[in-house]
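Report on the structure given below.
The values are calculated or read from the model by the stated rules, or taken from the named source; none is laboratory data. Remember, predicted model here, so these are calculated numbers, not experimental data. Reconstructed Cβ throughout: ideal geometry from the backbone, glycine too, with neighbour counts over all protein chains shown.
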Amino acid sequence: MCRKYAEITPQLLDEYQCDVACHGHDAVIFPNGIGMYDKAKEANRFIELRRSEGVSTTILIHRILHPELPKRSFPITSTRIQEFRLLKKQLVGTGVFIGGYFDLLHGVHSELLEQVRKFGDFLIVGLKSLTHDNVHEEDDVSSSKNKILVQSEGERILTLLSMKAVDDVIWEYEVTQEMCQIFNIKTIIRIQHPDYEVIPETLDSIKIIDLKIPDITTKDIIDRILEHRLSYEERNSRRTSEGTLPMI
């Protein structure tokens, strides 16, 4: 259920059969000075959530609007990535693989991963980078030329590992027969789309499934943000004066 911004009251929670309302630690204040969750807090039906360290929607949008500035984010170490991996189940059975950039993970990415997970006992996602791009540069569909990634490799890895549909993530890899044997991958998803990886044709005993998805790309999302830059900056100006804007 999606609803426009409105005051969250106990009556509204009851209407939608919700026990509590949740939001981050940054306050949402209406122009009349009333807090969006004030009445839910008074009724003890509010849970404050801890924001992701170093990364927020505001920070990602700031990177898009100011690509010339250095990126600052919470340091993601190999130990932290391994902690996320240990939370996932063991890879038992036959696997399905899909490769792509998965930058600014959005709804189309999420639905696709949930869909392809059904083709095997587990799902391994290959994460592409601009410095280790194993596609042919002359291929206009998948070439990384002139491509800009908003999120760091570590940020994208943790985002993917946090998804229920994803069982593991690999990076700095090449899709070969040996890779498929190591991870017992029997199915590979191939998508002709600039956000995903072009899979080689010559893989013995591997089932290749071609899927079509909506044309929306990460670049489309970035373009939308750039188009609405003025309204975004006006909003942040208000939030800065109220002291509720996260640090970049």
Tell me, which residue of the stretch 1-42 that is charged (D, E, K, R), farther than 21 Å from residue 234 by Cβ and under 28 Å from the mean Cα position of the chain (by Cα) is modelled with the highest pLDDT?
19
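Which one of these is of a type in the set (A, V, I, L, M, F, W, C) and touching a residue at least 60 places away in the same chain (Cβ under 8 Å): 170, 206, 189?
Going through 170, 206, 189 in turn, the sole match is 189.
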List the number of the failed condition for residue 232; all other conditions in (1) under 22 Å from residue 117 (Cβ atoms); (2) among the aromatic types (Phe, Trp, Tyr); (3) at pLDDT below 90 hold.
(1)
Please give the number of the condition residue 127 fails out of (1) in contact with a Lys or Arg (Cβ under 7 Å, 6 or more places away or on another chain); (2) modelled with pLDDT under 90.
(2)
Could you please let me know if residue 76 is touching a Leu at 6+ places or on another chain (Cβ under 8 Å), at pLDDT below 90 and part of a loop (DSSP other than H, G, I, E, B)?
yes
Residue count for the stretch 191-222, restricted to those that are more than 17 Å from the chain's Cα centre (by Cα) and either hydroxyl-bearing (Ser, Thr, Tyr) or assigned to a strand (DSSP E or B) (or both)
6
Residues of the stretch 169-189 being surrounded by fewer than 18 Cβ atoms within 10 Å (Cβ to Cβ) and not in a loop (DSSP other than H, G, I, E, B), which ones?
170, 171, 177, 178, 179, 181, 182, 186
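To keep it simple, each residue is scored yes or no on (1) within 26 Å of residue 194 (Cα to Cα); (2) among the hydroxyl-bearing types (Ser, Thr, Tyr); (3) assigned by TED's automatic domain parsing to the domain that holds residue 211.
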| residue | (1), (2), (3) |
| --- | --- |
| 27 | no, no, no |
| 39 | no, no, no |
| 66 | yes, no, no |
| 82 | no, no, yes |
| 88 | no, no, yes |
| 95 | yes, no, yes |
Looking at the stretch 193-211, which of its residues are surrounded by fewer than 14 Cβ atoms within 10 Å (Cβ to Cβ) and at pLDDT below 90?
201, 202, 204, 205
